[in-house]
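Written below as C-alpha cells is the structure these notes are about.
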Amino acid sequence: MQSDRRQSPSSALASVGAHRYGAWMGIYISFALADVAKIEAATGSRDGELFARIVEENREDLEADLEEREPEEITELEALRRLIFDEATSNDWDNTFNDAYCTLASGFDCRWLDDLNAEWVEWLGEELAALNIDAARPDDFTVGRHWSNAECRSVWQQWLTVTPDQRASLDPRATEAISLWMGWVQEAASTSNLGIFGVFYPPW
C-alpha cells in the first residue's frame, strides 16, 4: 500500500479518546473524502477498462507489493482484480483486500484524511448521538458502511441545529473531536458528490 494513502493519526484526533479507550488498540479505520457512490458502483462492476486504469495509475506500488509477496500469497493486484470482477468472498478478505479497496477508491476523487482508532470512532458516535445528530452514525464504518453525500448533508444540517448552550456543555475533548470530524462532513456536504469513505483494518 503506498505510503501517502494513509497517515499516522493526527495528534489531536488520536488524543481525544485516550482517556476512555487508550491510544491505538490495533484496530483502526482509514478515512477519506471520496465519491462513495462511484466506488460502490465500481466494486463488482466487471469493468475491464476501469481495472486497467486503476492498475496503470498505481503501477509502481502494485509492482512493489508483488515483489514483497511469497508465491502462495494473494497480491494486491489480484485482490484488486477480484474486487472489480466480483470474485472476492468473505473468506478471502484480509488486509490485502483492504489495501486493494483503498487502491480502487483512489481512482474516484479520493483524498485521504486520517487513521482513527475504531473505539474512538464509536465514542465519537455516542457524543454526536447525545446532540441528536443521528442521520448517520460514525460506527457505521466499523461494519463496512460509508457515508454518502446525502448523509453528510443531513448530518451537517443536524449539526447546524445544535445550540450554543449544547456545544458549551460538551467535554473539551469532545468539542475538539467533533469540530474536526464535522469539518470533514462540511467539506463533503459542500460538494455534489463526495462522501466519507472508510476502510476498517483489524489487527491481522
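The values are calculated or read from the model by the stated rules, or taken from the named source; none is laboratory data. Fair warning: this is a prediction, and the values are worked out from it, not measured in the lab. Cβ sites come from the backbone with ideal geometry, for glycine too, and all protein chains shown count toward neighbours. Note: accessible area is taken over every heavy atom of the protein model, side chains too, but ligands, DNA and RNA are not part of it. Shrake-Rupley method; radii C 1.70, N 1.55, O 1.52, S 1.80 Å.
What the table below lists for this structure:
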| item | result |
| --- | --- |
| Given (1) in contact with a helix residue (DSSP H, G or I) (Cβ under 6 Å, 6 or more places away or on another chain); (2) open to solvent by 40 Å² or more (accessible area, probe 1.4 Å), index of the condition residue 150 fails | (1) |
| Residue 88 being in a loop (DSSP other than H, G, I, E, B) and surrounded by 16 or more Cβ atoms within 10 Å (Cβ to Cβ) | yes |
| Helices (runs of 4 or more DSSP H) fully within region 6-85 counting 1 or more residues that are at pLDDT 90 or above and under 17 Å from residue 101 (Cβ atoms) | 36-42, 48-57, 59-68, 76-84 |
| Of residues in region 148-169 being within 20 Å of residue 197 (Cβ to Cβ) and charged (D, E, K, R), the one nearest to the chain's Cα centre (by Cα) | 151 |
| Residue within region 26-40 that is within 30 Å of residue 120 (Cα to Cα) and hydroxyl-bearing (Ser, Thr, Tyr) present | yes |
| Residues that are modelled with pLDDT under 95, part of a helix (DSSP H, G or I) and open to solvent by 30 Å² or more (accessible area, probe 1.4 Å), drawn from region 167-196 | 167, 168, 172, 173, 175, 176, 179, 180 |
| Hits in region 153-165 (condition: open to solvent by less than 90 Å² (accessible area, probe 1.4 Å) and either at positive phi or outside any helix (DSSP H, G or I) (or both)) | 162, 163 |
| Residue within region 127-147 that is more than 14 Å from the chain's Cα centre (by Cα), at pLDDT 95 or above, surrounded by fewer than 21 Cβ atoms within 10 Å (Cβ to Cβ) and under 28 Å from residue 57 (Cβ atoms) present | no |
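To keep it simple, each residue is scored yes or no on (1) more than 23 Å from the chain's Cα centre (by Cα); (2) among the aromatic types (Phe, Trp, Tyr); (3) surrounded by fewer than 19 Cβ atoms within 10 Å (Cβ to Cβ).
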| residue | (1), (2), (3) |
| --- | --- |
| 49 | yes, no, yes |
| 52 | yes, no, yes |
| 63 | yes, no, yes |
| 77 | no, no, no |
| 84 | no, no, no |
| 97 | no, yes, no |
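Rundown of residues vs (1) among the acidic types (Asp, Glu); (2) touching a Lys or Arg at 6+ places or on another chain (Cβ under 7 Å); (3) in contact (Cβ under 8 Å) with a residue 12 or more places away in the chain, yes/no style:
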{"position": "144", "(1), (2), (3)": "no, no, yes"}
{"position": "148", "(1), (2), (3)": "no, no, yes"}
{"position": "160", "(1), (2), (3)": "no, no, no"}
{"position": "163", "(1), (2), (3)": "no, no, no"}
{"position": "182", "(1), (2), (3)": "no, no, yes"}
{"position": "187", "(1), (2), (3)": "yes, no, yes"}
{"position": "192", "(1), (2), (3)": "no, no, yes"}
